[in-house]
Amino acid sequence: MTQNYTEHLDIQAFQNDLIKWYYEVKRDLPWRINRDPYRILVSEIMLQQTQVVTVIPYYERFMKLFPTTKELAEADDQTLLKAWEGLGYYSRARNLRESARMIEEMGGFPTTHEEILKLKGVGPYTAGAVSSIAFGIPAPAVDGNVFRVMSRVCCIFEDIAKAKTRKVFEAVVSEVISHEDPSAFNQGLMELGATICTPKSPKCLECPVQKHCQAFKEGIDDLLPVKTKANNQVKTKLVVAMVKNQYGEYLVNKRPETGLLANFYEFLSFEYAGEKEPKELLIEKLSPICEEVKNIELVGMFTHVFSHRIWEMESYFIDVKTRYTDEVAEDSTMWINNEQLKDYPLVAAHQKILKEFNQ
Ligand code: SF4
């Protein structure tokens, strides 16, 4: 199958054109000053949900605080989260610290793709990026940009919304990646997707690999990549709060016996129309059952897709003080401990939030 996608390509010429262009346009970024795998790992994790320009000041501050895995491994929660504040998705920071601890225990940064993939929070894309950039290993690093460029260059009509499609693209990239300079090749593909081969109106006339591009030749670049979209889905904005009391118990509510997710349990959750600040609304809702709201922390934004609806959840963790453990607002609401939480059927959308928070 892979052979079919690349048979039109003069692989050597494609590599040369891409790499030559990459060295011409390459930006000076703080994580490119050397090939330190730790510095590259930090940059790749930070860049996962954030733009390059936003990441730069965070990255520089983070590297000053934690110049090596040793300092990061020893970081306390407060310092770590403070350094990450504003980037969101705090599990990324905790995973990075966990990786730093693993690296310290190993006595040094792992040097193979397989070992790098075992680090906490490191998926196939990040492992490929670190392996190729830091160690010159010809491993594919397929992100959204690479999906787009390679789907067009090789006319791949596989649906990139499907998880199994990643394997198809990884196989294609593995076949065409430069073994002499996999770092520049992977970064070149990413850069091309970010700047030239953009989702809408790609700048084909300026493209360094235009002569290799099957979609350009056939005039079908606008049809690729294929990404199915869920149709007719109603979006609902929600505020979800994991409320924990001084006894270590969580506030949960049992959903009605009929309708969506009937009889499942959920954290405090309500539709949000932007009428007031979410924190204000949370305090209002909790005041009848809590003596004191001690701390409210934003966990992050989460999306959960059902067949006909999408929940967009702004999620919080809240520390409260209650008078009695059985003090609740409604019959369907209760306090349950950590052990019970594992047993109760919690809606999957909220499990995601709990998992993110616990990581
Ligand atoms: Fe993308 Fe156009 Fe270049 Fe093909 S020729 S890779 S579609 S920018």
Charge dipole of the chain built from unit charges on the beta carbon (Lys, Arg +1; Asp, Glu -1), centred at mean Cα; most positive-end Cα among VAL209, HIS350, PRO140 is VAL209
Expressed in angstrom and rounded, the centroid-to-centroid distance over alpha carbons for the stretch 185-240 and the stretch 59-135 is 29
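For LYS64 and GLU218 in the same chain, what is the full-extension length gain: residue separation times 0.36 nm, less their Cα-Cα distance, in nm?
Values: separation 154, 0.36 × 154 = 55.44 nm, distance 4.98 nm.
The span from LYS64 to GLU218 would gain 50.5 nm if fully extended.
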In nm, the gap between the two label points placed 7 Å beyond Cα toward Cβ at MET301 and LYS200 is 1.9
Answer in debye to the nearest 20: the dipole magnitude of the stretch 178-298 about its Cα centre, from +1 Lys/Arg and -1 Asp/Glu charges placed on Cβ, is 360
Of all DSSP beta bridges with both partners in the chain, the antiparallel percent, nearest 5, is 65
Per GNM of the chain with C-alpha springs under 10 angstrom, the most fluctuating residue out of GLN78, GLN49, GLN210 is GLN78
When the chain is treated as a Gaussian network with springs between alpha carbons less than 10 Å apart, the largest mean-square fluctuation among GLU115, GLU74, GLU280 is found at GLU280
In terms of the alpha carbon gyration tensor, root eigenvalues a ≥ b ≥ c, rounded if a/c is under 1.5 and otherwise prolate when a/b exceeds b/c or oblate, the stretch 116-239 is oblate
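Run the helix sum for the chain: -39,500 (n - 2.57) per DSSP H stretch of 4+ residues, divided by residue count, reported at 222 nm to the nearest 500 deg cm²/dmol.
Details: 16 runs with 158 residues, N = 359.
-13000 deg cm²/dmol, from helical runs alone.
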Given a 1.4 Å probe, the accessible area of the chain per residue, as a whole number of Å², is 51
About its Cα centre, the chain carries a charge dipole, from +1 on Lys and Arg Cβ atoms and -1 on Asp and Glu Cβ atoms, whose size in debye to the nearest 20 is 580
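Going by average Cβ neighbours within 10 Å, how do the peptides 34-46, 289-301 rank, with the highest at the top?
Working: 34-46: 20.0, 289-301: 15.6.
Ranking the peptides 34-46, 289-301 by packing returns 34-46, 289-301.
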SASA check, TRP311, accessible area w/ 1.4 Å probe, all protein chains in place, rounded to nearest 10 Å², comes out at 20
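On the accessible surface of the chain, probed at 1.4 Å, how many percent belong to carbon and sulfur atoms? Write out the running numbers ahead of the final one.
Details: 9040 of 18210 Å².
The nonpolar share, carbon plus sulfur, comes to 50 percent.
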Given Cβ charges of +1 for Lys and Arg and -1 for Asp and Glu, the option among SER91, PHE264, ILE40 whose Cα lies farthest towards the positive end of the dipole of the chain is ILE40
To the nearest 20 debye, the stretch 88-187 has a Cα-centred charge dipole, built from +1 on Lys and Arg Cβ and -1 on Asp and Glu Cβ, of 480
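The values are calculated or read from the model by the stated rules, or taken from the named source; none is laboratory data. Model, not experiment: these values are computed from the prediction. No Cβ is skipped: glycine too gets one built from the backbone with ideal geometry, and neighbour counts run over all protein chains shown. In case anyone asks, the SASA skips ligands and DNA or RNA and just uses the protein heavy atoms, side chains included. Shrake-Rupley method; radii C 1.70, N 1.55, O 1.52, S 1.80 Å.
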